[in-house]
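As structure tokens, the structure follows; a few thoughts come after it.
The values are calculated or read from the model by the stated rules, or taken from the named source; none is laboratory data. Quantities reported herein were computed from a predicted structural model and do not represent experimental measurements. Ideal geometry is used to build each Cβ from the backbone, glycine not excepted, and the neighbour counts take in all protein chains shown.
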Amino acid sequence: MTVKDIFETMDYGPAPESTSEVMAWIAKYDGKFGQFINGEFTPHHDGFESRNPATGDILALVTQASSDDVDAAVTAATKAQKKWARTSGHERAKVLYAIARLLQKHSRLFAVLETMDNGKPIRESRDIDIPLVQRHFYYHAGMAQLMESELPDAEPIGVCGQIIPWNFPLLMLAWKIAPAIATGNACVLKPAEYTSLTALLFAEICVQAGLPKGVVNIVTGNGAVGEMIVTHEDIDKIAFTGSTAVGRRIREATAGSGKALTLELGGKSPYIVFDDADIDSAVEGLVDAIWFNQGQVCCAGSRLLVQEGIAEEFYAKLKARMDGLRMGDPLDKCIDIGALVDPVQHATVTDMVAKGGHEGEVYHAKCKLPNQGCYYPPTLITGLHSAAYLMQEEIFGPVLVSTTFRTPAEAVQLANNTRYGLAASVWSENVNLALDIAPKLVAGIVWVNATNLFDAAAGFGGVRESGFGREGGWEGLSAYTRPKIASKPLHPVAPVSAPKDAQITGLDRTAKMYIGGKQARPDSGYSTAIWSPKGKLLGHVGQGSRKDIRNAVEAAHAAKGWGKTTGHLRAQILYYIAENLSARGDEFAHRLNQMSGKTGGRKEVDATLSRLFTYAAWADKYDGQAHGVPIRGIALAMKEPVGVIGALCPDEAPLLGLISVMAPAIALGNTCVLAASQAAPLAATDFYQVLDTSDVPAGVVNILTGDHADLAGPMAGHLDVDAVWSFSSTDLSAQIEHASAGNLKRTWVNDAHARDWFGKDGEGREFLQQATEVKNIWVPYGE
Ligand code: NAI
């Protein structure tokens, strides 16, 4: 027997972790858990079983929360939050630091419990999940400490309802709770029904760390409990991680409630291998991309795209690697692949492969499957076309699907051919190619020659139907804070109605809309008269409709090259707009005075000029960041335009309001479809003459007129609009948030609150943030 033979035939000896500490902890509660409300464990009631998916054994009984339980948790959180928000950043930092330390001290207990409850290999819970949990609390202890000095204009949102999935039970808890409590919020968190136990162990840590009662509450149960949280009227913000289907329901359920919302949803992330990649590394990367946590990872590299010339060799190496993966008892330290979380998930994966596998060639790894438990073999399906069922749907299991591509352009096209936009991996030894591709991928995270890297310092989250909002990094904090604004209630500004016996004298003038750089008649064929308060007819404007929105969105899309221009160019154009507006300042002031019947026109024109300067200034200064992440690399947090922004402009300040919305959008590379002030639209229709003379490319700014209530629905429902903002003096928040659920676009609505457009609330970082997405590109760097 040669040494090679010995290596090939030698089996691993089992090296399982002991379960005794975990069983002793469960026994402390007699195997029956209540919930953690107002700093105490409540008695167990109406339980359901929590099982170990690797063995099928019942681990414990967990409580199904009643609506009284949810009420009690929200009441405790509301009371605690007020006091917690008044503590100093340093006081909060000390508590977060204590939590981080305690998590370290009990790390093995947490890791073994997580593995028993979820089925993931102990190697992962011990070396990845739990250390990342600790890191999150350390990092956010720092954020608490720095909040007063670095975010002086931010305040906590209030009580946060947090609903998390079962794939990274404790890590998702950390992502939700750490930033929330660091910034002075209180939480009501619901773990997923399959995996509640580490959240309950975490509750013990909160007590030991001296977290005041009620700041963190854990309620347990199924989706019905999630719904109770989502619809609870005393909750100010919902943070959800889970399936896109449930995310969409939550968007609809919270529409118009005034609740802040972040959604971290599904994905079908591309894993792109170019022919000049280091093939062995790329194969090894796939083990982490799709077989990490049995593929139950929202950002799993589940769609393999290989360049044609190397495909055969690559698949052969991949299959050989798959056959070498070890599957079995997740508590065994030598195991690569553990159990799926539950028989239900096993059935879902099995059914999906049965439904779509025949469209390609299915290869199951030859690794030994345990006799019992929820195991599914690592699987590769090749030869699928891009629109195939399994290429489009999230499987959420250890199943990799694949196709080939010929050119870099085709790789980008295939990669972006998905309704999701969470993550992507690019493998190439050519730095030019990799960094050329990264910005073209529609995704919140891109890993270059790597995959599934996470860190508290780098924001995580997606675009499109992968949701909105980021977790981690500075940008993650904005999900748990809001700007301190002295808000006033919104008052609808009604158009001036026609005087009795109105007579039209002089030449009738109908201002057209402005679409794709050209004046456009309303498709409806209707127009509305605009009167001055003194009874003078000032002109007519078209009544915009769904078709005008469609045309304007098409024009805005066609102009998306604007996003690739330099900040310097966009700054110059904004200055140029200001210059041309200034030249006609008196005329605009007069128009504003005519429409308002007051004399504030000049002041509004001057404020508008200043606002244009503000965003000309920002256009080349709102930079990204390079995060120092603790791996051999950096995460480049790049600010990208959101895309096409639809906005209903304020009525209170018809010119200043229009520019306050348009300028940040275009400064940062977006194109926009603006519904001018409904009550006083003529300043906007005059304004497009200024755009025409200021080198603004056609389609970058499109201006519609008409009834906001008619335009809001089609704008928010349009699948090619990426974000909708509403500052209309009519509160259209519910309508917009509801209609936006279709493609889960970002929304920014006023929830019946008015802004002072002349004051500092009318401009600044909040606008810049809303006009950008942060893409984190992880790049190898240094030793
Ligand atoms: P899910 O989205 O139903 O569950 C996630 C969480 O939401 C759980 O805590 C659940 O109790 C809660 N929930 C369920 N319905 C709710 C509702 N109407 N209102 C409020 N909360 C609600 O995910 P599930 O059923 O566990 O898995 C189904 C599929 O979802 C998976 O096969 C996978 O494709 C996908 N999924 C994706 C995740 C991701 O991170 N992208 C995470 C978990 C599941």
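Working only within segment 189-209, note down all residues that are part of a helix (DSSP H, G or I) and in contact with a helix residue (DSSP H, G or I) (Cβ under 8 Å, 6 or more places away or on another chain).
Leu197, Thr198, Ala199, Leu201, Phe202, Ile205, Cys206, Gln208
Does segment 323-330 contain at least one residue that is surrounded by fewer than 17 Cβ atoms within 10 Å (Cβ to Cβ), under 34 Å from the mean Cα position of the chain (by Cα) and not assigned by the TED database to the domain that holds Ala111? Break it down stepwise before answering.
Of all residues in segment 323-330, those surrounded by fewer than 17 Cβ atoms within 10 Å (Cβ to Cβ) come to 323-324, 326.
Next, only the ones that are under 34 Å from the mean Cα position of the chain (by Cα) stay: none.
No: zero hits.
Under 8 Å by Cβ, and 6 or more places apart or on different chains, what pairs join a residue from segment 140-168 that is surrounded by fewer than 21 Cβ atoms within 10 Å (Cβ to Cβ) with one that is assigned to a helix (DSSP H, G or I) and of a type in the set (A, V, I, L, M, F, W, C)?
Gly142/Ala93; Gln145/Ala93; Leu151/Leu477; Ala154/Met147; Ala154/Leu477; Glu155/Ala85
Just to be sure before I move on: is Gly184 more than 14 Å from Tyr97 (Cβ to Cβ), touching a His at 6+ places or on another chain (Cβ under 7 Å) and either surrounded by 21 or more Cβ atoms within 10 Å (Cβ to Cβ) or without any contact (Cβ under 8 Å) to a residue 40 or more places away in the chain (or both) in the structure I sent? It would help to see each step written out before you state the result.
Details: more than 14 Å from Tyr97 (Cβ to Cβ): yes; touching a His at 6+ places or on another chain (Cβ under 7 Å): no; either surrounded by 21 or more Cβ atoms within 10 Å (Cβ to Cβ) or without any contact (Cβ under 8 Å) to a residue 40 or more places away in the chain (or both): yes.
No: the conditions fail for Gly184.
Going through Thr614, Thr599 one at a time, which residue ends up being free of Cβ contacts under 8 Å to residues at least 40 places away in the same chain, over 22 Å from the mean Cα position of the chain (by Cα) and surrounded by fewer than 24 Cβ atoms within 10 Å (Cβ to Cβ)?
Numbers: Thr614 fails: free of Cβ contacts under 8 Å to residues at least 40 places away in the same chain.
Being free of Cβ contacts under 8 Å to residues at least 40 places away in the same chain, over 22 Å from the mean Cα position of the chain (by Cα) and surrounded by fewer than 24 Cβ atoms within 10 Å (Cβ to Cβ) holds for just one of Thr614, Thr599, which is Thr599.
So Cys160 ticks every box in (1) assigned to a helix (DSSP H, G or I); (2) in contact with a Lys or Arg (Cβ under 7 Å, 6 or more places away or on another chain); (3) closer than 21 Å to Val70 by Cα but one. Which box is left unticked?
(1)
Looking at segment 354-364, which of its residues are surrounded by 14 or more Cβ atoms within 10 Å (Cβ to Cβ) and either out of contact with any Asp or Glu (no Cβ under 8 Å at 6 or more places or on another chain) or more than 20 Å from Thr403 (Cβ to Cβ) (or both)?
Here is the first cut: in segment 354-364, the ones surrounded by 14 or more Cβ atoms within 10 Å (Cβ to Cβ) are 356-357, 359-360, 362-364.
Selection gives Gly357, Glu359, Gly360, Val362, Tyr363, His364.
Would you point out which residue out of Asp436, Asp455 is charged (D, E, K, R) and crowded, with 21+ Cβ neighbours inside 10 Å?
Working: Asp436 fails: crowded, with 21+ Cβ neighbours inside 10 Å.
Sole residue among the options that is charged (D, E, K, R) and crowded, with 21+ Cβ neighbours inside 10 Å: Asp455.
Among (1) within 11 Å of the ligand (Cβ to nearest atom); (2) in contact with a helix residue (DSSP H, G or I) (Cβ under 7 Å, 6 or more places away or on another chain); (3) within 19 Å of Trp748 (Cβ to Cβ), there is one condition Ala255 misses while meeting the rest; what is its number?
Checking Ala255 against (1) within 11 Å of the ligand (Cβ to nearest atom); (2) in contact with a helix residue (DSSP H, G or I) (Cβ under 7 Å, 6 or more places away or on another chain); (3) within 19 Å of Trp748 (Cβ to Cβ), the one that fails is (1).
Can you confirm whether segment 273-285 contains a residue that is more than 11 Å from the ligand (Cβ to nearest atom), surrounded by fewer than 23 Cβ atoms within 10 Å (Cβ to Cβ) and β-branched (Val, Ile, Thr)? Can you show your working first?
Step one: filter segment 273-285 for residues more than 11 Å from the ligand (Cβ to nearest atom), giving 273-285.
Narrowing further to those that are surrounded by fewer than 23 Cβ atoms within 10 Å (Cβ to Cβ): 274-276, 278-281, 283-285.
When the remaining residues are screened for being β-branched (Val, Ile, Thr), the result is 279, 283.
Scanning segment 273-285 turns up at least one residue that is more than 11 Å from the ligand (Cβ to nearest atom), surrounded by fewer than 23 Cβ atoms within 10 Å (Cβ to Cβ) and β-branched (Val, Ile, Thr).
Which residue out of Trp725, Trp757 is in a strand (DSSP E or B) and of a type in the set (A, V, I, L, M, F, W, C)?
Values: Trp757 fails: in a strand (DSSP E or B).
Step by step, each of Trp725, Trp757 is checked, and only Trp725 is in a strand (DSSP E or B) and of a type in the set (A, V, I, L, M, F, W, C).
Check Ala260, Ala199, Ala224 and return the single one that is modelled with pLDDT of 95 or more and more than 15 Å from the ligand (Cβ to nearest atom). Show your work before the answer.
Values: Ala199 fails: more than 15 Å from the ligand (Cβ to nearest atom); Ala224 fails: more than 15 Å from the ligand (Cβ to nearest atom).
The match here is Ala260.
So in segment 1-27, with the set limited to residues that are in a helix (DSSP H, G or I) and not hydrophobic (A, V, I, L, M, F, W, C), which one is surrounded by the most Cβ atoms within 10 Å (Cβ to Cβ)? Show your work before the answer.
Kept after step one, since they are in a helix (DSSP H, G or I), are these residues of segment 1-27: 3-9, 20-27.
So of that shortlist, the ones also not hydrophobic (A, V, I, L, M, F, W, C) come out as 4-5, 8-9, 20-21.
On the way: Lys4: 8, Asp5: 9, Glu8: 9, Thr9: 8, Ser20: 9, Glu21: 14.
If we take residues in segment 1-27 being in a helix (DSSP H, G or I) and not hydrophobic (A, V, I, L, M, F, W, C), then Glu21 is surrounded by the most Cβ atoms within 10 Å (Cβ to Cβ).
When only residues in segment 508-563 that are in a strand (DSSP E or B) and touching a Phe, Trp or Tyr at 6+ places or on another chain (Cβ under 8 Å) count, which is farthest from Val642 (Cα to Cα)?
First, pick out the residues of segment 508-563 that are in a strand (DSSP E or B): 510-511, 513-515, 518-520, 527-531, 537-542.
Imposing the further condition that a residue be touching a Phe, Trp or Tyr at 6+ places or on another chain (Cβ under 8 Å) reduces the set to 514, 519-520, 537-538, 542.
Details: Tyr514: 22, Gln519: 26, Ala520: 26, Leu537: 39, Leu538: 36, Gly542: 28 Å.
Per the stated criteria, the residue is Leu537.
Please count how many residues of segment 97-114 are of a type outside the set (Ser, Thr, Tyr) and buried (at least 18 other Cβ atoms within 10 Å of the Cβ).
Keep residues of segment 97-114 that are of a type outside the set (Ser, Thr, Tyr), which gives 98-106, 108-114.
If we keep only those that are buried (at least 18 other Cβ atoms within 10 Å of the Cβ) too, we end up with 98-100, 102-103, 106, 110-114.
Selection size over segment 97-114: 11.
If Val297 satisfies every condition in (1) assigned to a loop (DSSP other than H, G, I, E, B); (2) in contact (Cβ under 8 Å) with a residue 60 or more places away in the chain; (3) away from the ligand (no atom under 12 Å from the Cβ) but one, which is the exception?
Going through (1) assigned to a loop (DSSP other than H, G, I, E, B); (2) in contact (Cβ under 8 Å) with a residue 60 or more places away in the chain; (3) away from the ligand (no atom under 12 Å from the Cβ) one by one, Val297 breaks only (3).
Go through (1) under 21 Å from Asn743 (Cβ atoms); (2) in contact (Cβ under 8 Å) with a residue 40 or more places away in the chain one by one and return the number of the condition Leu674 breaks.
Unmet condition: (2).
Given the condition within 23 Å of Arg108 (Cβ to Cβ), of a type outside the set (Gly, Ala, Ser), in a strand (DSSP E or B) and within 16 Å of the ligand (Cβ to nearest atom), answer yes or no: does some residue in segment 178-188 qualify?
If we filter segment 178-188 for residues that are within 23 Å of Arg108 (Cβ to Cβ), which is where we start, we get 178.
Add one more test, that the residue is of a type outside the set (Gly, Ala, Ser), and what stays is none.
Scanning segment 178-188 turns up no residue that is within 23 Å of Arg108 (Cβ to Cβ), of a type outside the set (Gly, Ala, Ser), in a strand (DSSP E or B) and within 16 Å of the ligand (Cβ to nearest atom).
Within segment 238-250, identify whether any single residue is in contact (Cβ under 8 Å) with a residue 60 or more places away in the chain, more than 10 Å from the ligand (Cβ to nearest atom), in contact with a strand residue (DSSP E or B) (Cβ under 7 Å, 6 or more places away or on another chain) and not in a strand (DSSP E or B), and answer yes or no.
no
How many residues does segment 359-408 hold that are closer than 20 Å to Gly267 by Cα, away from the ligand (no atom under 16 Å from the Cβ), outside any strand (DSSP E or B) and hydroxyl-bearing (Ser, Thr, Tyr)?
Qualifying residue count, segment 359-408: 1.
For segment 213-235, how many residues meet the condition of being farther than 11 Å from Gln162 by Cα and in a loop (DSSP other than H, G, I, E, B)?
Number satisfying all stated conditions: 9.
Please tell me if Val341 is within 30 Å of Leu744 (Cα to Cα) and not assigned by the TED database to the domain that holds Ser726. Steps first, answer last, please.
Details: within 30 Å of Leu744 (Cα to Cα): yes; not assigned by the TED database to the domain that holds Ser726: yes.
Taking the combined requirement at face value, the residue satisfies it.
Looking only at segment 227-237, count how many residues are free of Cβ contacts under 8 Å to residues at least 40 places away in the same chain and near the ligand (Cβ under 7 Å from one of its atoms). Don't jump to the end; show me each part of the working.
Of the residues in segment 227-237, the ones free of Cβ contacts under 8 Å to residues at least 40 places away in the same chain are 227, 231, 233.
Next, only the ones that are near the ligand (Cβ under 7 Å from one of its atoms) stay: 227.
Qualifying residue count for the region: 1.
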